[in-house]
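Structure first, commentary second.
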Amino acid sequence: MVKKGRGRDNAELLALTPEEIEEVWDRIHKNRIAGELLTGEEGFYMEVTRMPPNMTRKLNCGAASAVISIDANGDVYPCHLLMEERFRAGNLRKNSFWRIYTTSPILHEIRSITVDKKPKCCKCPLKYFCGGGCMADAYYITGSLLDAPPLCRMSRKWMWRMIWGQLDISDNDIKEFESTL
């Protein structure tokens with residue numbers, strides 16, 4: 001859940017805390033190791049227990065490049081989660097999509113934000129797996145597109161598990177390994 005609009009206004013009622021989300025992922029992982037799947041859906045099982053076969057190096061979340069959103073009025077935004085006036089790149093009724101895509105200052109700014117430019121991400125050994133996470137998620141929590149997303153710790157733990165297979169990796173194991181890098 002992205003804490004935007006009514007989601008922000010009702011976050012205490014609707015959103016799980018990062019600790020609660022991590023607890024759910026830990027239960028899924030532990031039950032998978034024990035051979036007890038929480039769901040019979042193969043797709044969900046693959047999502048939480050295997051590295052994607054097409055995994056490539058990610059420099060960012062894809063906003064303004066792999067993802068572009070257009071509202072009903074023709075306004076163009078870097079992604080569906082950043083559909084606010086501050087992020088409006090242009091309007092299709094006034095300019096072509098290509099012109100907006102190639103000349104918009106806000107799209108250029110967002111495309112220039114890479115994981116290597118994010119202070120909390122640039123030294124992480126997993127930075128190219130997540131690309132710094134969702135910029136919108138970070139923005140709505142911290143006010144900065146350059147911040148790490150709120151679920152970074154949980155995502156790192158999940159990625160370590162995917163890299164090393166079905167090992168039961170603890171936070172301490174991850175910290176110990178990362179300290180040697």
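Tell me, yes or no, whether the stretch 97-117 has at least one residue that is in contact (Cβ under 8 Å) with a residue 24 or more places away in the chain, open to solvent by 70 Å² or more (accessible area, probe 1.4 Å) and part of a loop (DSSP other than H, G, I, E, B). Within the stretch 97-117, none of the residues are in contact (Cβ under 8 Å) with a residue 24 or more places away in the chain, open to solvent by 70 Å² or more (accessible area, probe 1.4 Å) and part of a loop (DSSP other than H, G, I, E, B).
Which of the residues spanning the stretch 120-141 are of a type in the set (A, V, I, L, M) and closer than 10 Å to residue 60 by Cβ? Listed by number, the list holds a single entry, 135. Applying the condition of being farther than 22 Å from residue 118 by Cα and β-branched (Val, Ile, Thr) to the stretch 55-95 and asking which residue is most open to solvent (accessible area, probe 1.4 Å) yields 70. Only residues that are in contact with a Ser or Thr (Cβ under 9 Å, 6 or more places away or on another chain) and either modelled with pLDDT under 95 or among the hydroxyl-bearing types (Ser, Thr, Tyr) (or both) were counted across the stretch 65-78, and they come to 1. Counting only residues that are part of a loop (DSSP other than H, G, I, E, B), crowded, with 17+ Cβ neighbours inside 10 Å and out of contact with any Gly (no Cβ under 6 Å at 6 or more places or on another chain), the stretch 121-149 holds 9 of them. Contact map, the stretch 146-165: first residue among the polar types (S, T, N, Q), second residue part of a helix (DSSP H, G or I) and open to solvent by 20 Å² or more (accessible area, probe 1.4 Å), Cβ cut-off under 8 Å, separation 6 or more or different chains; pairs are 155/130. Quick check on my filter: what residues within the stretch 31-64 are at pLDDT 65 or above and part of a loop (DSSP other than H, G, I, E, B)? Answer for the stretch 31-64, where residues must be at pLDDT 65 or above and part of a loop (DSSP other than H, G, I, E, B): 55, 56, 57, 58, 59, 60, 61, 62, 64. Figure legend. Inter-residue proximity from the stretch 66-88: first residues assigned to a loop (DSSP other than H, G, I, E, B), second residues buried (at least 18 other Cβ atoms within 10 Å of the Cβ) and among the acidic types (Asp, Glu), beta-carbon distance below 7 Å, spacing 6+ or different chains. Indicated pairs: 88/75.
The values are calculated or read from the model by the stated rules, or taken from the named source; none is laboratory data. Quick caveat, the model's predicted, so the values are computed rather than measured. All Cβ positions, glycine included, derive from the backbone under ideal geometry; neighbour counts span all protein chains shown. Only protein heavy atoms, including side chains, enter the accessible area calculation; ligands, DNA and RNA are left aside. Shrake-Rupley method; radii C 1.70, N 1.55, O 1.52, S 1.80 Å.
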